[in-house]
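J.: One structure follows; several queries about it will come next.
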Amino acid sequence: MKLPPLKIAGLTAPIPLIQGGMSIRVSTAALAAPVASCGGIGVIGGSAIPDEELKADIRKAKANTNGIVAVNIMYAMKYFYNAVMAAIDAKADFIITGAGFSRDIFKIGREHNIPIVMIVSSPGIAKLAERLGAAAIIVEASEAGGHLGTDKPLREIFPAIREVVKNVPLIAAGGITNGYEMAEMMDKYGADGIQIASRFVLSEECDVDDKFKQAFLDAKKEDIVLTSSPVGMPGRAINTPFVQAKAAGEDLSTKKCEYKCLKKCDHHYCISERLRAARDGDIEHGLVFAGANTYKMKEILPVAEIFRRFVTEAESVYKEGRGFAPPAAV
């Protein structure tokens with residue numbers, strides 16, 4: 001059966017798939033535009049990016065696709081609201097936010113007529129986000145890469161959140177690696193769509209250094225571990241020499257803060273510095289965020305082929321979802 005489109009506010013993605021927003025400079029216009037052109041929702045990682053650079057990247061993506069381009073901005077960032085306003089100024093289609101909770105962001109969304117999509121990991125926060133005006137909600141579980149808001153797996157937390165979110169689309173995220181799992185989350189669990197990130201690192205269009213992609217290709221199950229972050233949340237990453245050194249108790253603290261990117265930072269290392277290093281190919285000293293099931297993916301593919309496989313696999317088993325049905329147009 002054909003997959004249903006994903007409708008968020010007045011926007012419609014023909015394929016119910018969101019490409020997760022990965023910072024710093026992992027998911028840029030180079031990735032978001034082809035994802036949007038394939039019928040999904042392309043997402044630029046907007047955290048810790050200078051405002052003018054972020055605006056330029058959004059405009060570049062919008063100029064290269066007629067599809068939907070969103071921006072993911074972590075609330076934990078010191079200049080969160082500056083980045084939000086930059087995204088609005090550059091005409092992003094909507095804003096995704098998580099790693100903390102902002103009530104004010106919904107007011108900004110209403111004032112500027114831009115949908116706000118919230119990443120959550122619990123029923124209580126999901127219910128609050130819906131009440132405050134979230135246009136959609138992403139349920140991100142422990143299998144996800146990067147910062148985690150829960151230690152519970154997707155199939156455990158999703159049903160409880162599906163029970164309380166009734167009026168907006170609910171998207172499943174964390175550890176989904178193929179179309180069969182996509183169909184499972186939509187058909188069995190009632191998701192309105194999925195979000196995937198790690199699979200898109202291993203795309204031809206993702207413009208990280210080849211060594212970053214090779215770290216994904218080389219990773220075994222036991223190589224993907226939890227580590228601490230100055231953001232104050234655990235993070236899922238590949239067990240690089242940097243992560244190993246930190247686990248061994250070596251002092252990697254930041255002596256001088258160059259980026260001043262976080263509202264609250266314990267400075268036991270500079271996350272911006274380590275993420276940038278990894279993105280540019282310094283795997284020894286870098287922090288390589290990756291999902292729990294990254295080890296299952298062993299090919300670098302064009303974005304279009306990733307979509308083809310997901311859709312073909314999902315539609316071969318998909319029957320009928322039980323998620324949110326938007327009202328018919330009047």
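Each value in this text was obtained by applying a stated rule to the coordinates, not by laboratory testing. If you're wondering where the values come from, they're calculated on a predicted model, not measured in any experiment. Cβ sites come from the backbone with ideal geometry, for glycine too, and all protein chains shown count toward neighbours.
J.: Excluding same-chain residues fewer than 8 positions from Lys91, which lysines have a Cα within less than 30 Å of its Cα?
T.: Excluding near neighbours in sequence, the set is Lys7, Lys55, Lys60, Lys62, Lys78, Lys107, Lys127, Lys166, Lys260, Lys263, Lys264.
J.: Take the Cα pairs of segment 263-319, get the Kirkwood Rh, then feed it into Stokes-Einstein at 25 °C and 0.890 mPa s and tell me D in µm²/s.
T.: Numbers: Rh = 14.6 Å.
In µm²/s, the coefficient is 168.
J.: Identify the GluC sites (Glu not before Pro) of segment 141-214 meeting these criteria: DSSP loop state and at most 16 other C-beta atoms within 10 Å of the C-beta.
T.: Working: sites: Glu143, Glu156, Glu163, Glu181, Glu184, Glu204, Glu205; in loops: Glu143, Glu204, Glu205.
Within segment 141-214, the qualifying GluC sites (Glu not before Pro) (loop, at most 16 other Cβ atoms within 10 Å) are Glu204.
J.: Normalise the Debye intensity by I(0) for segment 172-234, one equal point scatterer per Cα, no solvent, then take log10 at q = 0.12, 0.14, 0.16, 0.23 Å⁻¹ and round to two decimals.
T.: Cα-only, vacuum Debye calculation for segment 172-234: -0.44, -0.59, -0.74, -1.05.
J.: For Leu252 and Lys319, compute 0.36 nm times the residue count separating them, minus their Cα-Cα distance, and round to one decimal in nm.
T.: Numbers: separation 67, 0.36 × 67 = 24.12 nm, distance 5.09 nm.
Roughly 19.0 nm would be gained on extension.
J.: Further question: Counting Lys and Arg as +1 and Asp and Glu as -1, what is the net charge of the other residues whose Cβ lies under 10 Å from the Cβ of Asn293? Display every interim value, and only then the final one.
T.: Details: positive: Arg199, Lys221, Lys296; negative: Glu143, Glu181.
Surrounding charge for Asn293 is +1.
J.: Explain nothing, just compute: Karplus ³J(HN,Hα) = 6.51 cos²θ - 1.76 cosθ + 1.60, θ = phi - 60°, for every residue of segment 109-121 in order, whole Hz, x for Gly and Pro.
T.: My calculation for segment 109-121 gives x, 5, 5, 10, 6, 10, x, 10, 10, 10, 8, 9, 9 Hz in order.
J.: Report the extension gain between His112 and Lys188 in nm, rounded to one decimal, defined as 0.36 nm multiplied by the number of residues separating them, less their alpha carbon distance.
T.: Working: separation 76, 0.36 × 76 = 27.36 nm, distance 3.63 nm.
Extra length available between His112 and Lys188 comes to 23.7 nm.
J.: If you don't mind, another one. Just for the chain, what percent of DSSP beta bridges are antiparallel, to the closest 5? Show your work: numbers first, answer last.
T.: Working: 11 of 40 bridges.
Around 30 percent of the beta bridges assigned by DSSP in the chain are antiparallel ones.
J.: Considering all projection directions equally, how large on average is the shadow of the alpha-carbon convex hull of the chain, in square nanometres? Intermediate values should be presented prior to the final figure.
T.: Details: hull surface 61.1 nm².
Hull-based average projected area comes out at 15.3 nm².
J.: Thr12 to Met85: extension gain in nm, 0.36 nm per residue of separation minus the Cα-Cα distance?
T.: Working: separation 73, 0.36 × 73 = 26.28 nm, distance 2.33 nm.
Contour length minus the Cα-Cα distance gives 23.9 nm.
J.: Wrap a convex hull around the Cα atoms of segment 210-294, take a quarter of its surface area, and give that in square nanometres. Numbers along the way, then the final one.
T.: Details: hull surface 21.3 nm².
Dividing the Cα hull surface by four gives the mean projection, 5.3 nm².
J.: Any idea how far apart Asn167 and Lys211 come out in nm if each label point goes 7 Å out from Cα toward Cβ?
T.: About 5.1 nm, to one decimal.
J.: Please report Rg over Rh for segment 121-210, where both radii come from the alpha carbon positions and Rh follows the Kirkwood definition.
T.: Values: Rg = 13.7 Å, Rh = 13.7 Å.
Ratio value, two decimals: 1.00.
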